[in-house]
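Before any comments, here is the structure.
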Amino acid sequence: MANLNDYIPIVGQPIIDDLKLIAERLHGKVIRNINSTAVGGGVAEILTRMIPFLKELGVDARWDVIKGGEKFFAVTKKFHNALHGKAENITEDDLQIFMQTSQSNIAELDISGDIVFVHDPQPIALIAKKAANKWIWRCHVDVSDPQQKVWDLLMEFIPRYDAAVFSAPAFSRPLPVRQFLISPSIDPLSDKNKELPQEVIKAVLEKYEIPRDKPVITQVSRFDRLKDPVGVIEVYKRVKKYIDCRLVLAGGTASDDPESVEVLAEVRERAGKDKDIHILLLPQNDIDVNALQRSSDVILQKSLREGFGLTVSEALWKAKPVVASHVGGIPLQIKNKYSGLLCRSIDGAAFAVKQLLNNPEYARKLGENGKEHIKNNFLLTRHLKEYLLLFLSLYHLEDVVYL
Ligand code: UDP
């Protein structure tokens, strides 16, 4: 794995020097991260990259995953959807299941550490174990328009934290605790994002039996309704009437997401017998995702709701032209017609994809601008710095000025 000095050619020496300097003040501090899955989805993706670098900087970063059964994750998936504003029927039973599993995690997990960094709603109730240490709740979800019942539940816990972190200004809520706005990031040197030799890309396409005879449109996402994979097929069908192309829908599963089997079945049904639609159920394989993104002519992210949308950063970093929905953190990454194309409907997405396939020079320019934007704003080094400053700020409450 890369070490921090390997990032100097990408971000410059001063950024790395800054990180080392700030981290000195946190040497030896135990930062315990807790989330609900070790693989699958953006949170696990970020923690996998973040933990080793914090350690390299002398911070004792740790990562634990809560335990939960099928019922618990079915309930927390409902919460997730409801926080994104989807209508979900949250029952008293659901609330009970949530609290029971939370109680057993509270009883079983070692939650010591100078700072406990809790990611997303699933482990939020662990705050019951707060002692004299500092606790942060890191929300990766767009909670700007949540279903009230679930938000009320979260509000039973959030005020006990020392701080809350959101991915974008639009996601913040009035809260009685300090709030920080910190966008996620990608690691440019990870297997997911590093440059790949053409032979590797070719081998991955052969493995998944994707010929390079026509333009390829790709969406990489968990099979989740909020990622709208069926909508992606509709987009492809509209494009296909005018431009012969292939569609790659690549997605794995996450252990905290029980809906994927059902969604995958819906997707397969909608795809029917079209041999130009490639539905790939990927094992966790970052090189494969990287190669699929790099070999695509257009990357689509047609989410109905989104947290930040790391797949968009990943595609832009590869200088790919991206068509993505105007939701969640995506507009932070794509300035319409400058670093990609934003869409609000199936027809809008199809129009944008056609435009890019018909005009490769325009597509190339958008991709190039997108890469520059990610480089300046959404790389791991910026994220590390903001996390370090966040940790430090918890020990400097007297420096905070309340306006
Ligand atoms: N991902 C992956 N394999 C898959 C589907 C997704 O490795 O089959 C990765 C994807 O490359 C990205 C992350 O999972 O790094 C998804 O993060 P994002 O913020 O886009 O969405 P989330 O799943 O967190 O809602």
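The values are calculated or read from the model by the stated rules, or taken from the named source; none is laboratory data. All values reported here derive from a predicted model rather than from experimental measurement. Glycine gets a Cβ as well: all are built from the backbone with ideal geometry, and neighbour counts include every protein chain shown. Accessible surface areas use protein heavy atoms only, side chains included; no ligands, DNA or RNA. Shrake-Rupley method; radii C 1.70, N 1.55, O 1.52, S 1.80 Å.
Quick rundown of the values:
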item	result
In degrees, nearest ten, helix 360-377 long axis to first principal axis of the chain (Cα)	10 degrees
Anisotropy class of the stretch 214-334 from Cα gyration tensor, a/c 1.5 cut	rounded
Cα gyration tensor shape for the stretch 70-168, rounded if a/c is under 1.5, else prolate or oblate	oblate
Euclidean distance of C-alpha centroids, the stretch 1-44 and the stretch 193-252, integer Å	32 Å
For the stretch 327-403, alpha-carbon Rg and Dmax in angstrom	18.5, 58
For the stretch 1-63: rounded, prolate or oblate by the Cα gyration tensor [a/c cutoff 1.5]	oblate
Among PRO188, PRO197, PRO123, residue whose mean-square fluctuation peaks in a GNM of the chain (springs only between Cα atoms under 10 Å)	PRO197
Cα lying deepest toward the dipole's positive end in the stretch 17-81, options HIS27, PRO52, ASN81, charges on Cβ	ASN81
Positive-end residue of ALA265, PRO229, TYR242, charge dipole of the stretch 180-287 with Cβ unit charges	TYR242
P(r) weight above 26 Å for the stretch 108-252, C-alpha pairs, percent	50 percent
Percent breakdown of C-alpha pair distances by 20 Å bin, ordered from the shortest bin, for the chain	27, 58, 15, 0
Radius 14 Å from Cβ of TYR362, net charge of other residues (Lys, Arg +1; Asp, Glu -1)	+2
The chain, dipole about Cα centre (Lys/Arg Cβ +1, Asp/Glu Cβ -1), debye to the nearest 20	960 debye
Residue of ALA38, ALA250, ALA170 that the Gaussian network model of the chain assigns the largest fluctuation, springs spanning Cα pairs under 10 Å	ALA170
Over the chain, relative contact order from alpha-carbon pairs under 8 Å, at least 6 apart, %	16 percent
Surface share of carbon and sulfur [accessible, 1.4 angstrom probe, percent] for the stretch 59-215	50 percent
Interchain or long-range residues, amide H under 5 Å from VAL216's placed H	ARG246, ASP297, VAL298
Value in Å of the Kirkwood radius, where the stretch 1-125 supplies the Cα pairs that are averaged	16.6 Å
Among LEU175, LEU292, LEU357: highest mean-square fluctuation, GNM of the chain, C-alpha pairs under 10 Å	LEU175
0 to 90° range, to nearest 10: angle between helix 260-271 axis and the chain longest Cα axis	20 degrees
Cα long-axis angle, helix 92-108 against the chain (0 to 90 degrees, to the nearest 10)	60 degrees
